[in-house]
Structure formats: structure tokens, C-alpha cells
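Peer 1: Quick one: the structure is below, questions incoming.
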Amino acid sequence: MTGPTADSGRDARASVGGLLALIVAEDGRSHRTWAVEIGLVAAANVLVLHSVDQGLDAAADVGLPIGALLTFVVAVAVNASYQGALSQRVLDALTAAVSRTTERVLDATGRLDLERFEAIGGAEIVGRVTGDAGRIIPGGTIVTQALVAAATVALSTLYVATISLQAALVAGVAMVATALLIARIDHAVADQMARDRAALRRMQEPIDDLLAGFKQLKQHGARSAAVAATFEREAEALRRSRDVHHAEFFARDTLTRQVYLALLAAIGFILPVVVPDAAAEVSRLLVAVTFIFRPVLMLLMAAPLLTRLGATWQRMIDLADRLEGLADQRTEASTPPQPFASLALRGVSYRYEPRDDRAGFAVGPCDLELVPGEVVFVTGANGSGKSTFIKLLCGLYRRHGGELRVDGEALPADPGPAWRSRFAAVFAEVALFERLYGIEDVDPARVAALLEEMELGHKVRFEDGRFTTVDLSTGQRKRLALIVALLADRPIYVFDEWAADQDPHFREAFYRRILPSLRARGKTVVAVTHDDDAFDACDRRFHFHGGRMEPVCA
């Protein structure tokens, strides 16, 4: 077999093998120890079968077969004890591995520059850390059951061979044929499930459109009717798709039962005729085959689950490896941010390359000098380059041209964690956390005073090192973000449209009280604003037009 199907089969086996190797390596015991313990559980299962056979042989002669019953009880106890221990070890190994890999992902994500993070997208990272990790750990039970089932099938088949070699061959052929047929049906079922999901997404679209555009659709009855008709059409398509899915699933279930019944018929009716010597053992063979078929079914059901589990784990590993390859290898600054005497941008530029239907766009050259204790405003129309300039200044984007000098020393294109740590920024898209990550030894009394100053004391409290809520309006969220920035106490403060969502009272306080206070403390402030009535609050202003930065006032 060659081509994509063969490649996917090899990939599936490799991912499952990688998952099993991970469990063994994480547990610390050798492969031989694992094989012995799994074999012991499987042997206990076969001992259960053997004790039942002994009971059948002895019951007619001695009544209650005490020896066989005791063997049965011991075998069940050993099975339960060792299989429980194996399951716990698999669970512990997967938990440790997922936790460590999640830490790798989060650590590497934290060291990505903003451009690479935006290119990857947070959705993939969240999906792996929450969705994939949440699926892997519960799968530990399936791993243990599949390993024990495989060993049990092998040992049970050997046991049947001691009764009748011919019966063992019949059972082996039947199991292999069943596995191949069910694998083929499972592949069709998986394809159909993918079509079901696509049909479900198409059916969801008109529902989303109705909810998102209710006012527009309400104005025109024909459009509302078209939405309803689209939903009905897609719902019917989903129903037909699910009918096919159910039919294929029923075919799988029916095939399994038919193979099992055919195997019983072959042993009960055909084997005694073909092999007369085996006639006396038919009852034991029927019990044995019935016993074997349960772990066989377990393996058949577990195989696709294990494949998905292995692929899920491989996706997590691939993401962690990819992020670590892209992440900044420099560690975040552990020392307090250093003050500066002068900061100069000389011809700094950045270019967005054309992509899809978006044209390219250049920002710069940007020339700017900053000193402590001054307030600089940045103005310009939406899309003129202001936000990109802010990201370049803060070290979130790597500049494509020009140079950045601090106290006369040139910094690299990516100035690194030490440079970024000099900034306290409140961006237009405010991200708030209940915890004050990275801000140590905070005086609760000061936080309470700032909350009152920002008129948030009636909604937010600071208790046990965290805010009681961040569920606030946009303007309130920006005021709380400003409190966090003040607590961080950095040399440079950056505000991107901070006053845009404030009422007149706080807009006035921002320009006439907060900014002068920061200036008086020797802080450098760079504020993006559209409030032309507050331009007198800055020391200098720069205006962006079409990506170019021009000084307006000195």
C-alpha cells in the first residue's frame, strides 16, 4: 500500500507508538517491567477462564468446585489490583507529561514577539492547551484497557490452542478478518462524521446570521424568509448525512455480532464434524471464544481512539517545539527597569507585506527623541500608523529599518525583554487580570486609594492580592488598567486612546491631572489621542499621515 493512505497509517502508528513510549519513559520503569505487569494482568484474565473450565469439568462429579472457585476469586483480585495500579501509573505519566508540555507552550508563548504571536494566533494555542490537554489525560484509561486487552487476546488464544489448535486457528482468522472489516468501516464512519460536522456548521450559519443581524432582517420579510429557507435546506442535508452515518455505524455493529455468531456456529456445528476429537471440548471452546471476544471488541473500539489520542499528543508536542523555535531565547528582565537620560528613534520603519486582498503598508521613517519628564502626543487618522509606531517603540514589533538609541547606545532590531520592561502601556484593546502578575509587595492601602481616585471603589476591591472583579464597562476597564500601570511604576508610560471611552469628567482628569502628575514624577509619557481640545497638555505632538510621522509642535 502506497500514497496518502499508507502515509496516514504510518503516521497513526508512529503517534500511538510515541504516546506509549512517552508513558513508559515518564513512569521510569523499564519496558520489560511494563510487559511483565501487563502480562500478569492478562494471565489473571486467562486464569479466570481456566477456573471456569475447571468448574465445568468438576461440577458434574463433586458439586461445588471449591478449588476452581478459589482460583477464580484470586484471579479476579489480582486482575483488579494490578490493572488499577497500571491505570493510575498511566494517568500519572500522562498528567505529568501534559503539564510539562503545557508549561513549555506557555513559557514559549510568553517569549514570542508580538508579530509571531499574531501570525500563529491565540486560538491554536488555546485549543492545544485546553482542548487537546483535556482529551489526553482521560484517555489514560483507554490506553491501559487496550494494552491489557491485547495481551489477554494473545494469551487466551494460546490457551484455546491447548484445547484445540484448529479452534484457535479458526478464532484467529475470524478476529483478523473482523478487525480488517471493522477498520474499513471505521474509516468510512470517520469520513462521514467529518461530513456531519461540515453540515452542522452550514446549518448553524443562518442561525448565527439571524441572531447577529436581527434588526436588518426584520426590516425585510423576504430576507428573513430566505434565512429560514436556508436553515430548512441545511437541516435536511444534515439529517440525510446523519442517516448515512447511522447506517454505517449500524453496519459496523451488525458485522461484529455476525462474525461472533458465525464463529460460535463454526465451533459448535462445523468443528466437531471436521475434527471429531474436538467434539468433547466444544463447551469449553465456546466459553473460551465468548471470553476472548470481549477484549477483541475492546481493542477494535480502542484502536481509533488511541490513534486520535496519539495524534492529539503529537500536535501538542509539535506546537511546543514550533513555539520554542520561534521564541526569544533571552530571559525576561529580573532587575528593576533602568532609567534613561535620552531615547532616540532615527529613521525607524516597519512594513506590512501584501497578503490576500490587503495591500502592503509602510510606517515610517519615524524620528523622535524622548527625555524623562515630558509628555508627547501622537495624532492621526485611523489606519495612519499610530498603533504600529507604539508597538515599535515598546519593542513589540521588530523594526525593519532605522535605529533605536538609549543614552547613545544602539539597540538591536528586537531590543528584548529588558527594553520592554521599561514601559507601562494601556493599549486600546485593554486586557485585564484579577491578579497583579509580576508586581510584588503591593500596598493594599495604596490600591484602595487609587480605586477611590478612579471612582471604582464601589465596584472593585483589592483582596488577597487580586481584584474582586474585572467585569466592568470599557471606560472603567481602562481606568483599572491605568491603576495597574501606576502600580508597575515604569520609566515610560504609553496610552493608546485612553480617554476615548471616558466621560468628560475623567477625560479632563486624564489631561489636566494624571498626565501632569506623571510628568512631575519624571516619567516619560507617549499618548495617542484624537482630543484636539487637549493638545495644549503635551510638550510636543507628532502627527501620522499615510504611515509618515511629522512633528507638529515643539
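Peer 1: Relative contact order (percent) for segment 447-522, with alpha-carbon contacts under 8 angstrom and 6 or more residues of separation?
Peer 2: The normalised contact order for segment 447-522 reaches 22 percent.
Peer 1: To continue, here is another question. Per residue, how many Å² of accessible area does segment 465-505 show with a 1.4 Å probe?
Peer 2: Heavy-atom accessible area per residue stands at 34 Å².
Peer 1: At a Förster distance of 35 Å, what's the computed FRET efficiency of Glu369 paired with Arg201, Cβ-Cβ distance as r, to 0.05? Show your work: numbers first, answer last.
Peer 2: Working: r = 53 Å, r/R0 = 1.52.
After rounding, the FRET efficiency stands at 0.05.
Peer 1: Could you give the length gained by full extension between Val74 and Glu434, i.e. 0.36 nm per residue of separation minus their alpha carbon distance, to one decimal place? Working shown, then result.
Peer 2: On the way: separation 360, 0.36 × 360 = 129.60 nm, distance 5.50 nm.
Going from the current span to full extension adds 124.1 nm.
Peer 1: Apply 1/(1 + (r/R0)^6) to the Cβ-Cβ distance of Gln88 and Ala225, taking R0 = 60 Å, and write down the FRET efficiency to the nearest 0.05.
Peer 2: Numbers: r = 59 Å, r/R0 = 0.98.
Plugging the Cβ-Cβ distance into 1/(1 + (r/R0)^6) gives 0.55.
Peer 1: Please report the carbon-and-sulfur percent of the accessible area for segment 79-145; probe 1.4 Å, protein heavy atoms only, DNA, RNA and ligands left out. Present the calculation step by step, with values, prior to reporting the outcome.
Peer 2: Details: 1780 of 3020 Å².
Its accessible area is 59 percent carbon and sulfur atoms.
Peer 1: Which cross-chain or sequence-distant (5 or more) residues have an amide H under 5 Å from the amide H of Gln338, H modelled 1.01 Å from N in plane?
Peer 2: none
Peer 1: Kindly write out, for segment 343-349 in residue order, the coupling ³J(HN,Hα) from the Karplus curve 6.51 cos²θ - 1.76 cosθ + 1.60 (θ = phi - 60°), rounded to whole Hz, with x marking Gly and Pro.
Peer 2: Ordered by residue, 3J(HN,Hα) equals 9, 10, 9, 10, x, 5, 9 Hz.
Peer 1: Okay, next question. Once both labels are modelled 7 Å past Cα along the beta-carbon direction, what's the Phe269-Arg461 spacing in nm?
Peer 2: Using points 7 Å along Cα→Cβ, the separation is 7.9 nm.
Peer 1: Moving on. Please go through segment 515-554 and write out the trypsin sites (Lys or Arg not before Pro) that DSSP classes as loop and that have at most 16 other C-beta atoms within 10 Å.
Peer 2: Arg521
Peer 1: Additional query: Amide H neighbours of Arg541 under 5 Å, counting only residues 5+ apart in sequence or on other chains, H built in-plane at 1.01 Å?
Peer 2: Phe377, Val552, Cys553
Peer 1: Would you kindly derive the ³J(HN,Hα) couplings of segment 43-48 from the backbone phi angles with the Karplus curve 6.51 cos²θ - 1.76 cosθ + 1.60 (θ = phi - 60°), listing them in order in whole Hz, with x for Gly and Pro?
Peer 2: For segment 43-48, the Karplus curve yields 4, 4, 4, 5, 5, 4 Hz.
Peer 1: Continuing with this model, one more query. If one computes the Cα centroid of segment 128-154 and of segment 280-325, what distance in Å separates the two points?
Peer 2: If you average the Cα positions of each part, the centres end up 8 Å apart.
Peer 1: May I pose another question? Please give, to one decimal in nm, the separation of the simple spin-label points placed at Thr254 and Gln338, each 7 Å out from Cα toward the Cβ.
Peer 2: 7.8
The values are calculated or read from the model by the stated rules, or taken from the named source; none is laboratory data. Keep in mind that this is a model prediction, so the values were computed, not measured. Positions of Cβ are backbone-derived with ideal geometry, glycine not excepted, and every protein chain shown enters the neighbour counts. For accessibility, only protein heavy atoms count, side chains too; no ligands or nucleic acids. Shrake-Rupley method; radii C 1.70, N 1.55, O 1.52, S 1.80 Å.
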